Amino acid sequence: MAELPDRLSSDPSSPFHDSELLQRGVGIRFNGTEKTNVEEYCVSEGWIRVAAGTARDRRGNPLTLKLKGRVEPYLKDSADEA
């Protein structure tokens, strides 16, 4: 099983973006609940960024909220096998 990074972003301009890993499918459990709208996460600092509705900033990127809690990333293909 591949080791997931401590921090991962879906934004291609971010230094924490990994397109190969994102194409494999990464799922996030946040405080025990499955989240499907996560833009970025950090396990060691214990936060995720989620889109705030349909609002956009002046560059056209979605506005995000930072939520703090327990973050558990996993690969979706390995979860399907289990």
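Since every read-out is calculated from the coordinates, none of them should be taken as a lab result. What you see is a predicted model; the values in this text were computed from it and never measured. Note that each Cβ is placed from the backbone with ideal geometry, even for glycine, and that neighbours are counted across all protein chains shown.
How big, on average over all directions, is the shadow cast by the Cα convex hull of the chain, in nm²?
So the mean shadow area of the Cα hull is 5.9 nm².
Give, as a single signed number, the net charge of other residues whose beta carbon lies under 10 Å from the beta carbon of G46, with Lys and Arg counted +1 and Asp and Glu -1.
+1
Whose amide H sits under 5 Å from the amide H of D18, counting only residues 5 or more places off or on another chain, with H placed in the peptide plane?
Hits under the 5 Å cutoff: S9.
Starting from 0.36 nm per residue, how many nanometres of slack lie between L75 and E45 once their C-alpha separation is accounted for?
Taking L75 through E45 to full extension adds about 8.8 nm, to one decimal.
Can you sort E39, E3, E72 from fewest to most other Cβ atoms within 10 Å of each residue's own Cβ?
Final ranking by Cβ density, sparse to dense: E3, E72, E39.
Pairs of Cα atoms under 8 Å, at least six residues apart: use those to get the relative contact order of the chain, whole percent.
30 percent
Using amide H atoms built 1.01 Å from N in the peptide plane, name the residues 5+ places from W47, or on other chains, whose amide H lies under 5 Å from its own.
Correct list: C42, G69.
Between L67 and T54, what is the spin-label point distance in nm, taking each point 7 Å from the Cα along the Cα→C-beta axis?
2.1 nm
Specify the residue with the greatest mean-square fluctuation among G27, G60, G46, computed from a Gaussian network of the chain linking alpha-carbon atoms under 10 Å apart.
Taking springs between Cα atoms under 10 Å, the residue moving most is G60.
In region 7-81, with Lys and Arg counted as +1 and Asp and Glu as -1 at Cβ, which of these residues, V71, S10, A55, has the Cα nearest the positive end of the dipole, that is, farthest along it?
A55
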